Each structure stands twice: as structure tokens, then as C-alpha cells.
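The values are calculated or read from the model by the stated rules, or taken from the named source; none is laboratory data. Here the structure is a predicted model, which is why all the values come from computation and not from measurement. No Cβ is skipped: glycine too gets one built from the backbone with ideal geometry, and neighbour counts run over all protein chains shown.
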Amino acid sequence: MKKIILANWKAYFAPERALQWCEAFAASYQPNNAVEVVLAVPALYLARVQEKISDLEGVYLAAQSVSAFPQGEYTGSLPAAWLRGLATYALIGHQERRRYFHETIQDVARQGYEALAEELQPIVCVDESLVRQQAAAFAVSELKNLIWACTPETKVSLEMSRSIGDVGAMVAKIAAKTENRPILYGGGVTVTNGPSIWRRPEVSGMMLGKGCLDATAFATLVNSLK
């Protein structure tokens, strides 16, 4: 698979600001055969963003979360079935979802199964300390269908407290516990340290949060990756 660079907009952008981001990104973005760009955007404007990026080669959408339940009597949920044909990926288990919305290991596993049933590619977010338990919540036969992302529970500044080598070692440990599936890294990634993380052989991609909010800077980073 191609390496993935994922921009997680979280809840930073109101709808109109999101569309402005797409316009600024499209103005600078250059497709790269070695890179797959994924935009994780709020469900409210997934369809509008899809219209904006439909002509951009190599750019795909991810849901920021997905319901652990199918369609039915689940007020406020986002069933995976509604995302079929709209998103390609679904983030599940992000540390903010676990921390603030109290999603459990079993919740995340159910989200993964719902996503797979609707042909969405789950990206399972875990901290290093949680990966063994989370992997055990999936059937062994399903592990081959998952992509994983290392999202530390505490906010990390790579420049101050974690070397690029440490990132590689952490990702390798997670890979060893997940049948050597692809691992993205997403902790304190910026447009500055992104190229160094990208070059780590253990890393199958990276996730940016605040580091992706400047669309032009993010496009410049994408364009520089090899």
C-alpha cells in the first residue's frame, strides 16, 4: 500500500471554513504516486467536502468516528452504512474519543466490525499501552483487515520530549502486536518534523491534527514527501 498522510480536522472548522481549506489545499496540492492523502472531516460536511475534492487525484475521505451500532433506534449515532460510497476510511478509537466520550475497547471493536461490513477501511487508533488489549478484541482473522495508528494518550511535543528514533521504536512495538499491519504515527506531528517521521522505515504514514490546519502548509508538506 502507499504511505498515508492523514489530516484530522477534529472540530476546528465550521462548514464554510472547511470549504475554504479545501480550496486553499487544491490550489497548492500536487498528486504524488507515493502518497495517499486522507482527510478526516466531521460528518456534518463530509458530502460537501467530497464535492470539493472529487477532482483531486490521490485524496480520500475518512469519517472521524462511526457508530458501534447499525441503523436503527440509536439517536445521534452515525451508522457505517451511511458512509458507504462517501468515505473510504473510518477513524476508530482515537484517544480523544476514548478520553472525552468514554469509548471502550469493545466499543472500538464493534465500530471496526461495522465499518468493515460497509466496506470502510478502519484505522484503529491506540496508545502503546493499549494495543495488546485492543488487538485481542478483534478476531484473529480480522486483524489482516485493519490499519493501526499510534495516538499517544498524552499530547507529545516531538521536539521537546520524543526523538524520531523513539517514534520508530514505538511503531515497531505496535506492529509486533498487530500481525505487522501498517501503522500510522499521530502524536505531535507537524509540517516541520513530518518529513523526518515519514522517512522512518517502521512508519506506514502519519496523522496531523493541529499541524494540518494551515491548508497551504499542509499541501507543501504533502508535495515534499517521497
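Yes/no per residue for (1) of a type outside the set (G, A, S); (2) on the phi > 0 side of the Ramachandran plot; (3) at pLDDT below 90; (4) touching a Pro at 6+ places or on another chain (Cβ under 8 Å):
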{"position": "M160", "(1), (2), (3), (4)": "yes, no, yes, no"}
{"position": "I164", "(1), (2), (3), (4)": "yes, no, yes, no"}
{"position": "A176", "(1), (2), (3), (4)": "no, no, no, no"}
{"position": "L184", "(1), (2), (3), (4)": "yes, no, no, no"}
{"position": "I197", "(1), (2), (3), (4)": "yes, no, no, no"}
{"position": "T220", "(1), (2), (3), (4)": "yes, no, no, no"}
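Of the residues that sit in segment 85-111 and are farther than 22 Å from G209 by Cα and either crowded, with 20+ Cβ neighbours inside 10 Å or modelled with pLDDT under 95 (or both), which one is nearest to the chain's Cα centre (by Cα)?
So, considering only residues that are farther than 22 Å from G209 by Cα and either crowded, with 20+ Cβ neighbours inside 10 Å or modelled with pLDDT under 95 (or both), the one nearest to the chain's Cα centre (by Cα) is A109.
Regarding A117, is this residue surrounded by 20 or more Cβ atoms within 10 Å (Cβ to Cβ) and at pLDDT 95 or above?
no
Looking at (1) out of contact with any Asp or Glu (no Cβ under 6 Å at 6 or more places or on another chain); (2) touching a residue at least 12 places away in the same chain (Cβ under 8 Å), which one does S54 not meet, given that it meets all the others?
Unmet condition: (2).
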